[in-house]
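To keep things clear, I will list the structure first and then write my remarks on it.
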Amino acid sequence: MTIIQPLATFATIMSLAVAASAQPYEIPWYTIDGGGGTSAGGTFQLAGTIGQPDAGPTMTGGGFSLTGGFWAGVGPAGCNQADLAAPYGLLDLTDITTFVVAFTGQDPLADLNNDGLFALDDITTFVTAFLAGCP
């Protein structure tokens, strides 16, 4: 065995080690979220969440959508069922647009009678509440 063979092997190993160490460091992005639920007793109800879901715009694909943020679809109470968007206390085109987008996307925000269906009843409820106006 000549000395060239071990040197070539050593050189090959060292070049692989240098190539391996040249890889960029990476920290994968993730969050720790989850939990929460509703507790009820008598006429009282308390809902809560342990962590904040990933904030961001609505993500859609196929027939599905996912909205992240601080309890998407839950916000300040409006003056009635049609007051779905800021400024609250004022019914305007933003409320109509919010309802139409939620209804066509089958977002629970548009299920105004909470029956799990997106039907004419929800549209009728929205129109009736919108026409009633805010006090």
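Here are the numbers for this structure:
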{"quantity": "Residue check for Leu84: surrounded by 13 or more Cβ atoms within 10 Å (Cβ to Cβ), at pLDDT 85 or above and not assigned by TED's automatic domain parsing to the domain that holds Thr38", "calculated": "yes"}
{"quantity": "Verdict on Pro57 being in a loop (DSSP other than H, G, I, E, B) and at pLDDT 85 or above", "calculated": "no"}
{"quantity": "Those residues of segment 88-107 which are surrounded by 13 or more Cβ atoms within 10 Å (Cβ to Cβ) and part of a helix (DSSP H, G or I), in sequence order", "calculated": "Thr94, Asp95, Ile96, Thr98, Phe99, Val100, Val101, Ala102, Phe103"}
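The values are calculated or read from the model by the stated rules, or taken from the named source; none is laboratory data. None of these values were measured; they are calculated from a predicted model. Methodologically, a virtual Cβ is constructed for each residue, glycine included, from the backbone with ideal geometry; neighbour enumeration extends over all protein chains shown.
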